[in-house]
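FYI, it's all coordinate maths here, none of it is from the lab. From a predicted model like this one, the values you see are computed outputs, not experimental measurements. Ideal geometry is used to build each Cβ from the backbone, glycine not excepted, and the neighbour counts take in all protein chains shown.
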Amino acid sequence: MSTFSIFQIAGSALMAQSQRMNVSASNLANSESAAGPDGQPYRAREVVFEVAPLPGSSEPVGGVRVARVIENQAPNRLMYDPSHPLADEGGYVSLPNVDVVAETVNMISASRSYQANVEVINTAKSLMARTLTLGQ
Amino acid sequence: MTDRIAEDLRFYQAAIQLRQQRQEVLAANIANADTPGYKARDIDFAASLREVLDGNAGLPPLVLQTTSARHISMQASAPRSAELAYRQPYQRSLDGNTVEMEAERMQFADNTQRYQADLTLISQRIKTMMAALQP
């Protein structure tokens, strides 16, 4: 364990949070994509975080990583629009199950976490610089 | 003689090592603020420092083997990492995560300041020693 592992820990969090923001951005961008490459409406994705223990450390302290990206199992949003080319017999169009409000909140939460970790890195950097000039 | 200088700085060394370790644990807490099921950890600084200074913590000291009466005997101790405790959350969260960002940020800032205070003290100590060493 050394101050260098603070960079590793906070850096892993930056990467995980930015991936979360990427997924959120994809969800927001596709919130109206009624048909994807497979002909099905887009499904909202979510990232799942897990602790990433530091290599060579027995302590359960460590950074964070994205364990997997899962698909949101919520039902598709139905919109009544008989003139839509993808409408079914009843005149309903299946739209992605993206909750725009929830995604926006998710995005804000991710960016706040990102900022907190940037601050940790800056603090560790200045502490290390001071430690290196010790005794001068 | 060198041993006496090392002895002089032992307290500061132990303190700053623990501060650094705590900094790392707090950084891990902040990094895992959104990880489901993660439990926030912390170090009881005062208790850990007392343990280190009493010589209870850590691995048994390594002693230099001397094969001649003119060899200088020395020993080095390797401190073990401090014991990690779980933080009691003030408010519970649904996903089982006990990191409270406000608390962690406050502790992190507090630890940073104390680390810097330790650095200043060590610098002063070294300056005093250097002054005493001037011919």
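Taking region B:83-126 and a reference point 7 angstrom along Cα→Cβ of A:LEU132, the backbone N atoms nearer than 19 Å belong to B:116, B:119-120, B:123. Note on chain A: GNM, Cα springs under 10 Å; of A:SER94, A:SER126, A:SER33, the largest mean-square fluctuation is that of A:SER126. Of the residues A:LEU78, B:PHE11, A:MET15, the one whose Cα sits farthest toward the positive end of the charge dipole of the protein assembly as shown, with +1 on the Cβ of Lys and Arg and -1 on the Cβ of Asp and Glu, is B:PHE11. Largest GNM mean-square fluctuation across B:ILE122, B:ILE72, B:ILE16, computed for chain B with C-alpha springs under 10 Å, falls on B:ILE72.
Between B:THR67, B:THR120, B:THR112, the GNM of chain B built on Cα springs shorter than 10 angstrom shows B:THR67 fluctuating the most.
Legend: ranking of residues B:HIS71, A:HIS84 from fewest to most surrounding C-beta atoms inside 10 Å; resulting order B:HIS71, A:HIS84. Roughly how tilted is helix A:100-132, in degrees to the nearest 10 and between 0 and 90, from the longest Cα axis of chain A? The answer is roughly 10 degrees.
Taking the radius of gyration and the Kirkwood hydrodynamic radius from Cα positions alone, what is the Rg/Rh ratio for region B:75-135, to two decimal places? Rounded to two decimals, Rg over Rh is 1.24.
Fewest-first ordering of A:PHE7, B:PHE108 by other beta carbons within 10 Å of each residue's beta carbon gives A:PHE7, B:PHE108.
Farthest towards the positive end of the charge dipole of chain B, among the residues B:VAL63, B:LEU121, B:TYR38, is the Cα of B:VAL63, using unit charges on the Cβ of Lys, Arg, Asp and Glu. Its Cα centre serving as origin, the protein assembly as shown has a Cβ charge dipole (Lys and Arg +1, Asp and Glu -1) of approximately 1300 debye. Dimensions of chain B based on its C-alpha atoms, expressed as ranges along the principal axes with the largest first, amount to 66, 35, 20 Å.
Only alpha carbons enter this Debye calculation for region A:71-136, each as an equal point scatterer, and the log10 of I(q)/I(0) it gives at q = 0.18 Å⁻¹ is -0.81. Volume per residue of the convex hull around the Cα atoms, evaluated for chain A, comes out as 122 Å³. Going by neighbour counts of Cβ atoms within 10 Å, the residues B:SER73, A:SER109 line up, fewest first, as B:SER73, A:SER109. With only the Cα atoms considered, the protein assembly as shown has a convex hull volume of 161 Å³ per residue.
Across region A:1-114, the relative contact order, built from alpha-carbon pairs under 8 Å that are at least six residues apart, equals 32 percent. Dipole size of chain B about its Cα centre, with +1 on Lys/Arg Cβ and -1 on Asp/Glu Cβ: approximately 400 debye, rounded to the nearest 20. Only the Cβ atoms of Lys and Arg (+1) and of Asp and Glu (-1) were treated as charged; on that basis the dipole of region A:9-127 about its Cα centre amounts to roughly 540 debye.
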